Amino acid sequence: MEHFPKSRLNQAQIDKEDRIHTSINDFNEAKQVIAGGVNSPVRAFKSVGGTPIFIQKGQGCYLIDNDGNAYIDFVQSWGPLLFGHSDDEILQAVQESLQNGLSFGAPTRAETQLAKAIITSYDGVDKVRFVSSGTEATMSAIRLARAFSGRDDIIKFDGCYHGHSDSLLVSAGSGCATFGTPSSPGVPSDLSKHTLVARYNDIDSVQKCIEASGQVGAIIIEPIAGNMGLVPAEAEFLLSLRKLCSERGIVLIIDEVMSGFRAAFNGVQHFVPIEPDLVCFGKVVGGGMPLAVFGGRAEIMDMLSPQGAVYQAGTLSGNPIATAAGLAMLKKLAKDKGLYERLESLARRFVSGLESSAKAHNIPLQTQVRGSMFGFFFASKPVKNFDDAKSADTAMYARFHQEMLQRGVYLACSQFETGFICAPMSEAIIDEAIQAASESFAFIASERA
Ligand SMILES: *Cc1c(COP(=O)(O)O)cnc(C)c1O
């Protein structure tokens, strides 16, 4: 931290009024020309209050805002930056690739290399195709699964997020309805009726959806859900799901856009012996650049155009710069033995620090860790599905978020997100964040008293 000495953080802890924030001006200006002032809704801080911090640069585990304030960053661009911001080797790979141009719209050897690196990392993947976002990956996987199974209905799980394509922007209707309703205006209900919504970690609810529809062709799941807060699927549930899909000829799409190469090198497969029919990756696999992947069994992937009839394409798909970043990331991951164990122990250190200081102030807290991913809910019972998650105290989360930000810690700006540890974090940095948490809890408790 050459340019942004740690004293700055300490100073903020002592006298938080001293921090200068001009981001509010930046946000007001952005709002004039960008819808809502942001290019992805969660960034607007709507669910935690206040205004978003405008970022100047990232360095290691720190984000630096336009005013030069440094924050310990537990968001890491929502997952991708496993080695933190501005990692030397990844930047170098990008710079080398830059010399040759930005985009060709023609194949390169590097794409084949990245494909091989992914296929050898994950069981059950024979072939892949690259796209530019997780949304595209899941959307394309769904189209392919529908074509392969010859059936139109799909099942998703309440609380899982798979990007913003029409078929997947569907939530559970009221009561015990299994057929989904659009979760956004603009999604036709004629389309959303083909998406049934089951309960996470509840195999009976899946069975009910299958019976109700009679023509389910695909099931898509986040095996380690990170978009309702961190809620891992139970092993027994995942294995039952696999069995059910195989018995019924349903294509199982495992969405590892967040968890792949993040929770562990081989994502959920490190925890549960499950193979997908199709799988999606994104975030880490692009090394911080716009790159995502869908892949799976050859007989399904071979249905894609040009070999098969299922259409899917992309002008910037397999972009050389993104491919170079992804390759550099996977190479680094493969050679760093013990990395995930180290990141997991830092995650455990952080959540146990949170637990003990929350407990000291009688604040109920539930925590979860999967590798370098962690989550916490202000709730008094364990969270196993979206209904449980929604019962958490979001107002408390908002207060905590504000206090942590004031003390130089950048947490996800919603209760329903996951936290990420990155390699440049050390025990000392985690302890600084725990110290900030314990001061935040003390402050919040004193407000309540
Ligand atoms: C982030 C995410 C997506 C969407 O990826 P984008 O690149 O934001 O379109 C899909 N699925 C999961 C599980 C994700 O976490």
Exercise for the section: State whether the residues of the stretch 311-330 include one that is surrounded by fewer than 17 Cβ atoms within 10 Å (Cβ to Cβ) and closer than 25 Å to Arg43 by Cβ. Expected result: yes
Handout entry: Failed item, numbered, when Leu102 is tested on (1) assigned to a loop (DSSP other than H, G, I, E, B); (2) within 16 Å of the ligand (Cβ to nearest atom)
Key = (2)
Exercise for the section: Could you check, for the stretch 138-161, whether at least one of its residues is touching a Lys or Arg at 6+ places or on another chain (Cβ under 9 Å) and near the ligand (Cβ under 10 Å from one of its atoms)? Expected result: no
Exercise for the section: Mind counting the residues in the stretch 26-53 that are surrounded by 15 or more Cβ atoms within 10 Å (Cβ to Cβ), on the phi > 0 side of the Ramachandran plot and either within 16 Å of the ligand (Cβ to nearest atom) or touching a residue at least 24 places away in the same chain (Cβ under 8 Å) (or both)? Expected result: 2
Exercise for the section: All but one of (1) within 30 Å of Gly173 (Cβ to Cβ); (2) part of a helix (DSSP H, G or I); (3) within 16 Å of the ligand (Cβ to nearest atom); (4) of a type outside the set (Asp, Glu) hold for Ser77, so report the exception by its number. Expected result: (1)
Exercise for the section: Kindly indicate whether Thr108 is touching a residue at least 60 places away in the same chain (Cβ under 8 Å), assigned by the TED database to the domain that holds Val231 and touching a Pro at 6+ places or on another chain (Cβ under 8 Å). Expected result: yes
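Consider Ile253 carefully, then state whether it is β-branched (Val, Ile, Thr), in contact (Cβ under 8 Å) with a residue 60 or more places away in the chain, surrounded by 24 or more Cβ atoms within 10 Å (Cβ to Cβ) and within 11 Å of the ligand (Cβ to nearest atom).
Yes, satisfied.
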Handout entry: Close pairs (9 angstrom Cβ cut-off, 6 or more residues apart or separate chains): at positive phi and outside the structural domain of Ala423 (by the TED database) in the stretch 368-384, among the hydroxyl-bearing types (Ser, Thr, Tyr) and surrounded by fewer than 24 Cβ atoms within 10 Å (Cβ to Cβ) anywhere
Key = none
Handout entry: Qualifying residue in the stretch 174-184 (condition: within 16 Å of the ligand (Cβ to nearest atom), over 19 Å from Leu144 (Cβ atoms) and not in a helix (DSSP H, G or I))
Key = yes
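The values are calculated or read from the model by the stated rules, or taken from the named source; none is laboratory data. Predicted model only: the values in this text are computed from it and were never measured. Counting neighbours? That spans all protein chains shown, and the Cβs are built from the backbone with ideal geometry, glycine included.
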